[in-house]
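Reviewing the structure listed below.
The values are calculated or read from the model by the stated rules, or taken from the named source; none is laboratory data. Owing to the predicted nature of the structure, the values given are computational and were not obtained by experimental measurement. Reconstructed Cβ throughout: ideal geometry from the backbone, glycine too, with neighbour counts over all protein chains shown.
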Amino acid sequence: MKKVYARPKSLKRARFHYCPGCGHSIIHRVMCEVIDEMGFQDKAIGIPPPGCSVFAYDYFDVDMAESAHGRGAAVATGIKRAYPGAIVFTYQGDGDLAAIGTGETLHAANRGERITAIFINNAVYGMTGGQMAPTTLLDQQTTTTPYGRDARIEGYPIKMSEILALIKGAVYIERTAVNSPANIRKTKKAIRKAFQTQIDDLGFSLVEILSPCPTNWKMSPVEAWEWIDKEMTKEFPLGVIKDVTGKGNAD
Amino acid sequence: MDGNSAIGEAAIRAGCQCYFGYPITPQNELTEYMAAHLSRRKGCSFIQAESEISAINMVYGASLAGVRAMTSSSSPGISLKQEGISYLAACELPAVIVNMSRGGPGLGSIVASQSDYFQATRGGGHGDYRTIVLAPSSVQELADLIHRAFDLADRYLIPVVVLGDGMLGQMKEPVEFKYEAPEELPVRSRALRGAKGRPSRIIKTFTSKPSELEEINWSLYRRYQLIKKKEVTYETFLIEDADLVIVAFGMAARIARGAIKNARADGLKVGMFRPITLWPFPSEELRELANRVKNFLVFEMNMGQMLEDVQLALEGKGEVFFYGRPGGVIPTPSEVFRVASRLCYQKGLK
Amino acid sequence: METAAKMKGYIEIDQELCKGCEICISFCPKDVISLSDKLNASGYLPAYFNDDGECTGCAICALVCPEVAIEVYRG
């Protein structure tokens, strides 16, 4: 018998500090598989956010630097402009990319910065204990929406991928999830494509990944993985939101 | 050349590869100069960012990648950059930040002021850190100090603030650039360039172990002690026989010169001590001076900021007086002369 | 019923890496993974390989395991 599944090379041998069933662990692993398969571990520079994944550099065996909350897209812009030979990616949560970092994200996309944003959408602020995120669903209970999210007071879940699709400089945007074998495989394909977009010098690419947060959703891992299908995808449909890469630099 | 443009030319000649900025009066000539002259240079990058916050974070990114990077703004925009400066200082990343200060607080005014002294010299952002602060008082000195700023930033792995003001930026004076940009722009070591042939590199300070962070802080502290020992810079004007010494920086020092010339013509023995590094502040040298001189007049365009550093430095030796005009009002030399005069008569220094 | 070439497989679960999330158990098409009743050093009840020769080495368990705790062999 031969081994058909092993840890990717660019994933460090550290034990994940993430909760049981957390999507970060899956996504880190899948990204490292892509980095290995596409062979750019020695060119990659990653920017993790403040958040549960602040320690991403303990897992990704690539050059990494911490960023101020929300500023990942600006930091990545600075790196890529200073050293275009690098493959630069940000790894950001829903608060980082869609609340405090909205300006930086929109404008990096608008300039068509050749960076890849991996956007982890778990509909809640994980690290800080489960507060409302811009992507929290209506009626969803969080520690700052104890009565359920009310559109009149707290607004609606924000669809960053759809918003970014309107921006010319963003050339490839896809929304996936990591709550089933099929979805994990699709996520890996999307991440590949996003990095290929950068390598092909076509523009800004983003993959929004619906990710389970059992702890702050107050569910078991199995329930959390199911909740993504049952509820999240109703608000955040999966699929390619925008892909103009086939047409080269055209809008 | 106007001061703002001189900064741009000086930075390019110092090997600045990346400039990220945002329009704000009174420094727009600098941003525009970089757009015109830096953006097309090989390997260089100019971005008019979406905000001052984005700009400082882009500088952080460029510095991570090992190149000389600069941003500029004026007072309120510099407030926005404080978090980013804290991160630069924490991660020991070189960068040059130019503040052409204007009246504050709040939206303030668009004319020159010196009310960002505290902001510049006390770190400015959160955490226990410092930045080197250079205060030029002529367009020539602006050009020279920009070059020095990049060198200091690289040598000590620290962000360096060049504290000018709106007037200095707008003034047109002859300037000579004493250096050229190098042919090959070097890349700093310990940069993030992709982990080729070496272990992957992590640049961060966040830690869950307080003792780790303590060690980082002490290591920064030791570096600051070294900078204090080696980089203090100041200038004196007619202090050898002075009974009253005006302490002033930047534009205020220019104005004070005029006042001192008038005073001397009147037989009053007034001189000037001009700090050029506001951090590290020339405390020892000032204290030395107080062995002989008993009267100091701190003159600045604010409500009294460098005043505190002078008081701290003198440790009670000698008397310290203050004259300031906040809010962007530019005092005249004759105004300062009158104040100095009155002081001399009051203290019997005639 | 029998396909021409029936794949056989086995898996190894690192009991100390496992956090007992039970995702592998819920997705295994052959039901060959079970939850142990003995805590591991981190205080979780880990999954373990509980097979009577049904495992085909499809590797779905490894694909969904967040902890990269599963290695799969097939032949």
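May I ask you to verify whether B:E235 is charged (D, E, K, R), surrounded by fewer than 16 Cβ atoms within 10 Å (Cβ to Cβ) and within 19 Å of B:T121 (Cα to Cα)?
It is true that B:E235 is charged (D, E, K, R), surrounded by fewer than 16 Cβ atoms within 10 Å (Cβ to Cβ) and within 19 Å of B:T121 (Cα to Cα).
Here is a yes/no grid of residues against (1) under 18 Å from the mean Cα position of the chain (by Cα); (2) assigned to a loop (DSSP other than H, G, I, E, B):
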| position | (1), (2) |
| --- | --- |
| B:E240 | no, yes |
| B:A252 | yes, no |
| B:I255 | no, no |
| B:A263 | no, no |
| B:F273 | yes, no |
| B:M303 | no, yes |
| B:D309 | yes, no |
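Looking across the stretch A:56-70 at every residue that is outside any loop (DSSP other than H, G, I, E, B) and crowded, with 22+ Cβ neighbours inside 10 Å, the one that is farthest from the other protein chains (Cβ to nearest Cβ) is identified as A:A56. If you go through the stretch B:185-238 and pick out every residue that is of a type in the set (K, R) and either over 23 Å from A:I79 (Cα atoms) or under 28 Å from the mean Cα position of the chain (by Cα) (or both), you end up with 9. Looking across the stretch B:228-245, just one residue is touching a helix residue (DSSP H, G or I) at 6+ places or on another chain (Cβ under 9 Å) and farther than 22 Å from B:S137 by Cα, and that is B:D243. State all residues of the stretch B:208-247 that are among the hydrophobic types (A, V, I, L, M, F, W, C) and under 30 Å from A:G51 (Cβ atoms); if no residue qualifies, say none. Selection gives B:L213, B:I216, B:W218, B:L220. Taking the conditions exactly as written (surrounded by fewer than 20 Cβ atoms within 10 Å (Cβ to Cβ), in contact with a strand residue (DSSP E or B) (Cβ under 9 Å, 6 or more places away or on another chain), without any contact (Cβ under 8 Å) to a residue 40 or more places away in the chain and aromatic (F, W, Y)), does C:Y48 satisfy them or not? When the stated conditions are applied, C:Y48 passes them.
Within the stretch A:20-31, does at least one residue satisfy the condition of being within 13 Å of chain C (Cβ to nearest Cβ), outside any loop (DSSP other than H, G, I, E, B) and among the hydroxyl-bearing types (S, T, Y)? Break it down stepwise before answering.
Kept after step one, since they are within 13 Å of chain C (Cβ to nearest Cβ), are these residues of the stretch A:20-31: A:20-31.
Restricting the remaining residues to those that are outside any loop (DSSP other than H, G, I, E, B) gives A:23-31.
If we keep only those that are among the hydroxyl-bearing types (S, T, Y) too, we end up with A:25.
Within the stretch A:20-31, one or more residues are within 13 Å of chain C (Cβ to nearest Cβ), outside any loop (DSSP other than H, G, I, E, B) and among the hydroxyl-bearing types (S, T, Y).
In the stretch B:311-338, the residue that is farthest from the chain's Cα centre (by Cα) out of those that are outside any strand (DSSP E or B), crowded, with 18+ Cβ neighbours inside 10 Å and of a type outside the set (G, A, S) is B:F337. Show the residue pairs that are 6+ apart or on different chains and have beta-carbon atoms under 9 Å apart, the first residue being within the stretch B:71-96 and surrounded by fewer than 22 Cβ atoms within 10 Å (Cβ to Cβ), the second being in a helix (DSSP H, G or I) and small (G, A, S). Partner pairs satisfying both residue conditions: B:L80/B:A55; B:C91/B:S63; B:E92/B:S219. For the stretch B:121-136, the count of residues that are more than 30 Å from B:W218 (Cβ to Cβ) and not aromatic (F, W, Y) is at least one. Look through the stretch B:189-204, keep the residues that are part of a loop (DSSP other than H, G, I, E, B) and at the interface with another protein chain (Cβ under 7 Å from one of its Cβ atoms), and return whichever of them is surrounded by the fewest Cβ atoms within 10 Å (Cβ to Cβ). If we take residues in the stretch B:189-204 being part of a loop (DSSP other than H, G, I, E, B) and at the interface with another protein chain (Cβ under 7 Å from one of its Cβ atoms), then B:K196 is surrounded by the fewest Cβ atoms within 10 Å (Cβ to Cβ). Take the conditions surrounded by 21 or more Cβ atoms within 10 Å (Cβ to Cβ) and either farther than 30 Å from B:A256 by Cβ or among the hydrophobic types (A, V, I, L, M, F, W, C) (or both) and apply them to B:L213. Does it pass? Spelling it out, it is not the case that B:L213 is surrounded by 21 or more Cβ atoms within 10 Å (Cβ to Cβ) and either farther than 30 Å from B:A256 by Cβ or among the hydrophobic types (A, V, I, L, M, F, W, C) (or both).
Applying the selection to the stretch B:168-188, what residues are modelled with pLDDT under 95 and either exposed (fewer than 15 other Cβ atoms within 10 Å of the Cβ) or not charged (D, E, K, R) (or both)?
In the first step, residues of the stretch B:168-188 are kept if they are modelled with pLDDT under 95; the result is B:178-188.
Within the stretch B:168-188, B:K178, B:Y179, B:E180, B:A181, B:P182, B:E183, B:E184, B:L185, B:P186, B:V187 meet the criteria.
On inspection, A:R114 does not qualify as under 24 Å from A:D201 (Cβ atoms) and in contact with a strand residue (DSSP E or B) (Cβ under 7 Å, 6 or more places away or on another chain). For A:N183, the conditions (1) assigned to a loop (DSSP other than H, G, I, E, B); (2) surrounded by fewer than 24 Cβ atoms within 10 Å (Cβ to Cβ); (3) not aliphatic (A, V, I, L, M) are fulfilled apart from (1).
Per-residue answers, yes or no, for (1) of a type in the set (K, R); (2) under 19 Å from the mean Cα position of the chain (by Cα):
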residue: A:V34; (1), (2): no, yes
residue: A:K43; (1), (2): yes, no
residue: A:P49; (1), (2): no, yes
residue: A:F55; (1), (2): no, yes
residue: A:R71; (1), (2): yes, yes
residue: A:A82; (1), (2): no, no
residue: A:I87; (1), (2): no, yes
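Could you tell me whether B:A153 is farther than 26 Å from B:M303 by Cβ and either outside the structural domain of B:E50 (by TED's automatic domain parsing) or buried (at least 22 other Cβ atoms within 10 Å of the Cβ) (or both)? Spelling it out, B:A153 is indeed farther than 26 Å from B:M303 by Cβ and either outside the structural domain of B:E50 (by TED's automatic domain parsing) or buried (at least 22 other Cβ atoms within 10 Å of the Cβ) (or both). Any residue in the stretch B:168-182 that is more than 13 Å from every other protein chain (Cβ to nearest Cβ), under 15 Å from B:I276 (Cβ atoms) and either in a loop (DSSP other than H, G, I, E, B) or touching a Leu at 6+ places or on another chain (Cβ under 7 Å) (or both)? Taking every residue of the stretch B:168-182 in turn, at least one turns out to be more than 13 Å from every other protein chain (Cβ to nearest Cβ), under 15 Å from B:I276 (Cβ atoms) and either in a loop (DSSP other than H, G, I, E, B) or touching a Leu at 6+ places or on another chain (Cβ under 7 Å) (or both). Out of all the residues in the stretch A:121-140, is one or more part of a helix (DSSP H, G or I), modelled with pLDDT of 95 or more and more than 7 Å from chain B (Cβ to nearest Cβ)? Looking for residues that are part of a helix (DSSP H, G or I), modelled with pLDDT of 95 or more and more than 7 Å from chain B (Cβ to nearest Cβ), one finds none in the stretch A:121-140, hence no. Which of the residues spanning the stretch C:49-75 are closer than 13 Å to C:V32 by Cα and part of a loop (DSSP other than H, G, I, E, B)? Of everything in the stretch C:49-75, those that are closer than 13 Å to C:V32 by Cα and part of a loop (DSSP other than H, G, I, E, B) turn out to be C:N50, C:D51, C:D52, C:G53, C:E54, C:C55, C:T56, C:G57, C:C58, C:A59. Out of C:D52, C:D37, C:D14, C:D31, which single residue is under 22 Å from A:Y18 (Cα atoms) and either away from chain A (no Cβ under 11 Å) or at pLDDT 95 or above (or both)? The unique qualifying residue is C:D14. Restricting attention to the stretch A:71-101, the residues that are within 10 Å of chain B (Cβ to nearest Cβ) and of a type in the set (S, T, N, Q) add up to 1.
Just one of (1) aromatic (F, W, Y); (2) more than 10 Å from chain B (Cβ to nearest Cβ); (3) without any contact (Cβ under 8 Å) to a residue 60 or more places away in the chain; (4) under 30 Å from B:L38 (Cα atoms) fails for A:F16. It is (4).
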